[in-house]
């Protein structure tokens, strides 16, 4: 593997470890501060909305600065986010920090780092090699996020502590997230300047129409996904089944391992049934499992169905990224990554507050049902519109 790819994949895994630790921790931390489910949803919405705005700025002006410098600046923002979140305990300051910072409650990578890294990974790679690289990139994310969630299991001996005693300890978890930014910065600093940037980069041109259509479809899926970001799933599990924070962290670890295994299947599966086939025919069963979990008659059934969903739901991620990079010209890749990720972040930001409002009035898993239903609609429309479109590499 090229040194540049190894650095980017390593940094992705490091950031994911922090995300995996903080995503399940976030709602419990906020509840310990006295916030209700609706306020938790509002704060998550602000966090995702801020990620979208930052990604928009990178997509619009990012070509004016070197990619390496942009990544280093993002690390500085990540450090500031962790420190501020560990120190502020009032609602509106936390909303502001969530909006301006890099905290990621979704479980997937919706951060400002994403379009920069995707464009760099796609540089000078063939279609199948590119899909493999994106699979490894996604694998590093889900696997390290799983180990981040496992870190919460270490809090089991502290479960008997009161909220007043636990809150400072959870605050330290966000300070730890900020410290991870320093390690990521050290990794990005090793990127060789002469080979970092993808050149020349332009705004969308001949691929504009298909990218905008894909962005709209991805936004539909992301809007559904916002109903069940990891933080809200953790909140539903804790409230519906009275699970402890440590148990919830262990579950997210196991589901992360299942998602990591599925990443390895994406490249060979895409060679057999195509990128669109991989995206659709793994995503539909995952969404059906999610809907079924909302109606599960027991905790065991619910967790089993959520485990099946975890095994299937992430196979589309490397295929989706590779497909976007494959159906645009090389010069449009950075713009395409930004354009397809910005609406996703905006759409995902719109729904957590709605999900929080639902969870505030009922324990039934309406967020699971809505997320699964919208996901299936997205899958069917994507298949209908793009199943015959070949990557430019094959044309």
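Just so you know, all these numbers are worked out from the coordinates, no wet-lab data involved. What you see is a predicted model, and the numbers here were worked out from it, not measured in a lab. Counting neighbours? That spans all protein chains shown, and the Cβs are built from the backbone with ideal geometry, glycine included.
The convex hull of the Cα atoms of the range 252-385, projected and averaged over all directions, covers 9.1 nm².
For the chain, the longest principal axis of the alpha carbon atoms and the long axis of helix 113-122 meet at an angle near 30°. A Gaussian network model of the chain, with springs between Cα atoms under 10 Å, assigns the largest mean-square fluctuation among 271, 130, 371 to 271.
Working value for the range 307-395: equivalent-ellipsoid semi-axes of 31, 16, 11 Å, each the square root of 5 times a Cα gyration tensor eigenvalue, largest first.
Relative to the longest principal axis of the Cα atoms of the chain, the long axis of helix 352-361 makes an angle of roughly 30 degrees. What translational diffusion coefficient, to the nearest whole µm²/s, does the chain have by Stokes-Einstein, given a Kirkwood radius computed over alpha-carbon pairs, a temperature of 10 °C and 1.306 mPa s viscosity? Using the Kirkwood radius from Cα pairs, D works out to 77 µm²/s.
In the range 295-359, the C-alpha radius of gyration followed by the widest Cα-Cα span (Dmax) gives 17.1, 52 angstrom. With contacts taken as Cα pairs under 8 Å at a separation of at least 6 residues, the chain carries a relative contact order of 30 percent.
Sorting the segments 349-360, 210-221, 291-302 by their residues' average number of neighbouring beta-carbon atoms within 10 angstrom, most packed first, yields 349-360, 210-221, 291-302.
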